[in-house]
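K.L.:
Please find one structure pasted underneath; my questions will follow.
The values are calculated or read from the model by the stated rules, or taken from the named source; none is laboratory data. Just so it is clear, the model here is predicted, and its values are computed rather than measured. In this analysis, Cβ positions are derived from the backbone assuming ideal geometry, glycine residues included, and neighbour counts consider all displayed protein chains. The protein model used for the area step is the full one, side chains on, heavy atoms only, and it has no ligands, DNA or RNA in it. Shrake-Rupley method; radii C 1.70, N 1.55, O 1.52, S 1.80 Å.
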Amino acid sequence: MSASAGVLERETPVVRVEELGAQWARVRSRLQAEVGDVEYRAWLRQITLAAVDAEEVTVCLPTRFLRDWVSTHYADRLRALWQAETGDCRRIDVRVGATMLVEPELPAVERQAAVPLSEDGARPDGPARIEMRPDLPPHLAAPLEQRFSFETFVVGKPNEFAYACARRVAEMPASPAFNPLFLYGGVGLGKTHLMHAIAWELSGRAPRVSVAYMSAEKFMYLFIAAIRAQSTIEFKEQLRRVDVLMVDDLQFLIGKDNTQEEFFHTFNALIDAGKQIVISADKSPSDLSGLEDRLRTRLGCGMVADLHATTFELRISILEAKAARAGVAVPPKVLEFLAHKITSNVRELEGALNRLVAHANLFGRTVTLETAQEVLHDILKAHDRRVTIEEIQKKVAERWNVKMTDMFSARRARSVARPRQVAMYLAKQLTSRSLPEIGRKFGNRDHTTVMHAVARVDELIKRDSAFAEDVELLRRMLEG
Ligand code: ADP
Ligand code: MG
């Protein structure tokens, strides 16, 4: 679509549309990084660039509602980002329409960014002013999320070791004891976050250091593309010139023998040359069966640090930090509720909180437990599927050495009644079943019995720390 085909009368200066497209793509992806995926998808996905001149940038949204929302909530950020990108722009004009100066989805240029640097080499506070490292080909300088910094990483027992190692590498790259740094852990526990944080930190400390961060998948594609283009020698040389190489999600290379081989050589060349390597994977080097033995051995030669599953306490701290950053007051009860319900992965926890925040902003209402349950209905349901009441009953029965049938029986001796109450309590906490539903699963008991059990266990948890620990342990077992 050409600029003149739209609804806008204002004259658009002659622009290199390609360049403009790339700039716009970068502005959008930075905005996306700032506001998070959930918010971005909700409000900004359909935004198009309609016109640009030195004074004003015009963007369009398809409905009045979206226009008003974007205009009040994002216009300032858009202006600042555009200004950082191009150096000018006084105003952002948000209109209703479908005018499009450049294609909305620009492929590769999106998020194509290197390590950001400000003039004095310090990390800028505002939107990153991205400059390509002169000596680093742009395709090796993969996107860095602005928000993945050490400052925004919440440290707790499960991740303190990995965090300390990452910090150490950022401060003193390529010291032998920490080279390679191998970070591993389950999905959404902060591996990528820590890698980006290392890159940010390094770029602030030592602007001349060239850092290449990429996923193992990207490494493979680059390698294959180099083979096709008969430029493998160049590819190797480029990689061997970097000071720090980070490869994320190395497990992707399992079964990709040629790429593994190439990676192995690059790895050796860089280590031998005293360059830092940082790797992440979902398992420890020794458990990555399917990787060549010699590669696995070398991967384990430096520092291996794992990110453990989050604890309840860490999840609460993360939620508190993110709510504070979003500037929204979320009652402790709601944070606790989320931290109990969403246990597997910080990304999902974050997504849930973002959605709550967006909802609160949209309707101008405060966040309550009820709105949280309502707004997050689908997420919570998906999490519930993992734990069934039967599993809870079985685990609880095992723990207190009672028979499974005692979960349904009418026996009221304390030795069976107490475990039964704990099972009801956990059923209420870990599933989305209603009180009557839970009652039915416990030998057709009344919902008031379940209510009583929940209150009783709550009370005991407060009074008896050994009991509280027992219950917490069971919860973790069931959730894990
Ligand atoms: P991984 O690479 O291990 O799958 P990510 O690093 O992509 O996980 O983390 C997923 C999301 O959770 C990111 O948005 C990240 O910022 C967030 N996150 C994970 N751990 C933490 C933490 N300790 N503090 C703050 N945010 C975290
Ligand atoms: Mg990752």
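K.L.:
Quick check: the distance between the Cα centres of region 416-480 and region 51-82, to the nearest angstrom?
P.N.:
So the two Cα centres are separated by 51 Å.
K.L.:
Kindly identify region 203-242 as rounded, prolate or oblate by the Cα gyration tensor criterion: order the square roots of the eigenvalues as a ≥ b ≥ c, call it rounded if a/c is under 1.5, otherwise compare a/b with b/c, prolate if a/b is larger, else oblate. Can you show the working numbers first?
P.N.:
Values: a/c = 4.71, a/b = 1.92, b/c = 2.46.
Oblate shape, in that a/c is at least 1.5 and b/c is the bigger or equal ratio.
K.L.:
Taking a 1.4 Å probe, which of Cys301, Cys60 shows the most accessible area, and what order do the others take after it? Can you show the working numbers first?
P.N.:
On the way: Cys301 90, Cys60 0 Å².
Listed by decreasing accessible area, they come as Cys301, Cys60.
K.L.:
Can you give the extra length, in nm with one decimal, that the chain gains between Met172 and Asn258 once fully stretched, where that is 0.36 nm per residue apart less the Cα-Cα distance? Kindly include the intermediate steps, with their values, before the conclusion.
P.N.:
Details: separation 86, 0.36 × 86 = 30.96 nm, distance 3.23 nm.
Computed gain between Met172 and Asn258 is 27.7 nm.
K.L.:
While we're looking at this one, here's another question. Taking the Cα centre of region 286-387 as the origin, how large is its charge dipole in debye, to the nearest 20, when only Lys and Arg (+1) and Asp and Glu (-1) carry charge on their Cβ atoms? Mind showing how you got there, number by number?
P.N.:
On the way: 14 positive and 13 negative charges, 30 e Å.
Its charge dipole is roughly 140 debye.
K.L.:
Counting residues in region 235-302 as N, plug N into 2.2 N^0.38 Å and put the Cα Rg over that result. Write out the running numbers ahead of the final one.
P.N.:
On the way: Rg = 11.3 Å, N = 68, 2.2 N^0.38 = 10.9 Å.
Normalised Rg, Cα atoms only: 1.03.
K.L.:
With labels modelled as points extended 7 Å from the Cα through the Cβ direction, what inter-label distance (nm, one decimal) is found for His308 paired with Glu160?
P.N.:
Output for this residue pair reads 1.0 nm.
K.L.:
Would you mind calculating the gained length between Gln251 and Arg386 on full extension (0.36 nm times residue separation, minus the Cα-Cα distance), in nm to one decimal? Don't jump to the answer; show the numbers that get you there.
P.N.:
Details: separation 135, 0.36 × 135 = 48.60 nm, distance 2.53 nm.
46.1 nm is the gain from fully extending Gln251 to Arg386.
K.L.:
Tell me, in nm to one decimal, what length is gained between Gln46 and Leu473 on full extension, where the rule is 0.36 nm per residue of separation less the Cα-Cα distance? Before the final figure, lay out each step's value.
P.N.:
Numbers: separation 427, 0.36 × 427 = 153.72 nm, distance 4.58 nm.
Answer, rounded to one decimal: 149.1 nm.
K.L.:
Continuing with this model, one more query. Just going by the charge dipole of the chain, with Lys and Arg at +1 and Asp and Glu at -1 on Cβ, which of Gly327, Phe264, Ala309 is farthest out on the positive end?
P.N.:
Ala309
K.L.:
Straight distance only, please: which aspartates and glutamates reach the Cα of Lys462 with their own Cα at less than 18 Å, same-chain residues fewer than 8 apart left out?
P.N.:
List returned: Glu313, Glu336, Asp470, Glu472.
K.L.:
Using a 1.4 angstrom probe with every protein chain in place, what is the largest-first accessible-area order of Met303, Met246? Mind showing how you got there, number by number?
P.N.:
Details: Met303 45, Met246 0 Å².
Largest accessible area first, the residues go Met303, Met246.
K.L.:
Still on this structure, I have one more. Return the percentage of antiparallel bridges among DSSP beta bridges fully within the chain, rounded to the nearest 5 %.
P.N.:
On the way: 5 of 31 bridges.
So the antiparallel bridges amount to about 15 percent of the total.
K.L.:
Please get the size of the charge dipole for the chain, origin at its Cα centre, with Cβ charges of +1 on Lys and Arg and -1 on Asp and Glu, quoted in debye to the nearest 20.
P.N.:
Working: 66 positive and 65 negative charges, 413 e Å.
Using only the charged Cβ atoms, the result is roughly 1980 debye.
K.L.:
Determine the order of Met477, Met195, Met404 by accessible area, beginning with the largest, at a probe radius of 1.4 Å.
P.N.:
On the way: Met477 100, Met195 0, Met404 70 Å².
Ranked list, largest accessible area first: Met477, Met404, Met195.
K.L.:
On the accessible surface of region 240-336, probed at 1.4 Å, how many percent belong to carbon and sulfur atoms?
P.N.:
Numbers: 2100 of 4180 Å².
Exposed carbon and sulfur together represent 50 percent of the surface.
K.L.:
Give the shape of the chain as rounded, prolate or oblate, defined through the alpha-carbon gyration tensor: a ≥ b ≥ c are the square roots of its eigenvalues, a/c under 1.5 means rounded, and otherwise the shape is prolate if a/b is larger than b/c and oblate if not. Walk me through the intermediate numbers first.
P.N.:
Working: a/c = 2.52, a/b = 1.38, b/c = 1.82.
Cα axes put the chain in the oblate bin.
K.L.:
Quick query: amide H of Ala50 versus all other amide H atoms, modeled in the peptide plane; which residues come in under 5 Å with a sequence gap of 5 or more or a different chain?
P.N.:
HN-HN under 5 Å from Ala50: Thr58, Val59, Cys60, Leu101.
K.L.:
Now for a separate question. For region 256-386, just say rounded, prolate or oblate: build the C-alpha gyration tensor, square-root its eigenvalues into a ≥ b ≥ c, call rounded for a/c under 1.5, and beyond that prolate if a/b exceeds b/c, oblate if not.
P.N.:
On the way: a/c = 3.23, a/b = 2.67, b/c = 1.21.
Prolate shape, in that a/c is at least 1.5 and a/b is the bigger ratio.
K.L.:
Counting only protein heavy atoms and a 1.4 Å probe, tell me what percentage of region 362-464's accessible area is made up of carbon and sulfur. Could you put the intermediate results ahead of the total?
P.N.:
On the way: 3040 of 5920 Å².
Answer for region 362-464: carbon and sulfur cover 51 percent of the accessible area.
K.L.:
Now for a different question. How far, in degrees from 0 to 90, does helix 160-171 lean away from the longest principal axis of the Cα atoms of the chain, to the nearest 10?
P.N.:
20
K.L.:
Here's a follow-up. In nm, to one decimal, how far is the modelled label at Ala75 from the one at Ile233, with both set 7 Å along Cα→Cβ?
P.N.:
The two pseudo-label positions are separated by 5.8 nm.
K.L.:
For a quick check of understanding: with a 1.4 angstrom probe and all protein chains in place, what accessible area in square angstrom does Met172 have, to the nearest ten?
P.N.:
Roll a 1.4 Å probe over it and Met172 shows about 100 Å².
K.L.:
Measure nothing but the geometry: give the 0 to 90° angle between the long axis through the Cα atoms of 191-205 and the longest principal axis through the Cα atoms of the chain, rounded to 10°.
P.N.:
Compared with the principal axis, the helix lies near 40 degrees.
K.L.:
In Å², and per residue, what accessible area does the chain have when probed at 1.4 Å with the other protein chains present?
P.N.:
So the chain comes to 48 Å² accessible per residue, rounded to a whole number.
K.L.:
So, one more: Pairing the Cα long axis of helix 447-463 with the longest principal axis of the chain, what angle in degrees results, from 0 to 90 and rounded to the nearest 10?
P.N.:
That works out to roughly 80 degrees.
K.L.:
Report the label-to-label distance for Asp68 and Ala54 in nanometres (one decimal), using points 7 Å from each Cα along the Cα→Cβ vector.
P.N.:
So the label points at Asp68 and Ala54 sit 3.6 nm apart.
K.L.:
Next up: What is the calculated FRET efficiency for Ser289 to Ala269, with r their C-beta to C-beta distance and R₀ = 22 Å, to the nearest 0.05? Working shown, then result.
P.N.:
Details: r = 25 Å, r/R0 = 1.16.
Step by step, r from the Cβ atoms, then E = 0.30.
K.L.:
Can you give the FRET efficiency for Arg365 and Thr448, using 1/(1 + (r/R0)^6), R0 = 25 Å, r = Cβ-Cβ distance, to the nearest 0.05? Could you put the intermediate results ahead of the total?
P.N.:
Numbers: r = 31 Å, r/R0 = 1.25.
Efficiency at R0 = 25 Å is approximately 0.20.
K.L.:
What percent of all Cα-Cα pairs in region 364-410 falls in each 5 Å bin, counting up from 0?
P.N.:
All Cα pairs, binned at 5 Å, distribute as 5, 18, 16, 12, 11, 12, 13, 7, 3, 2, 0 percent.
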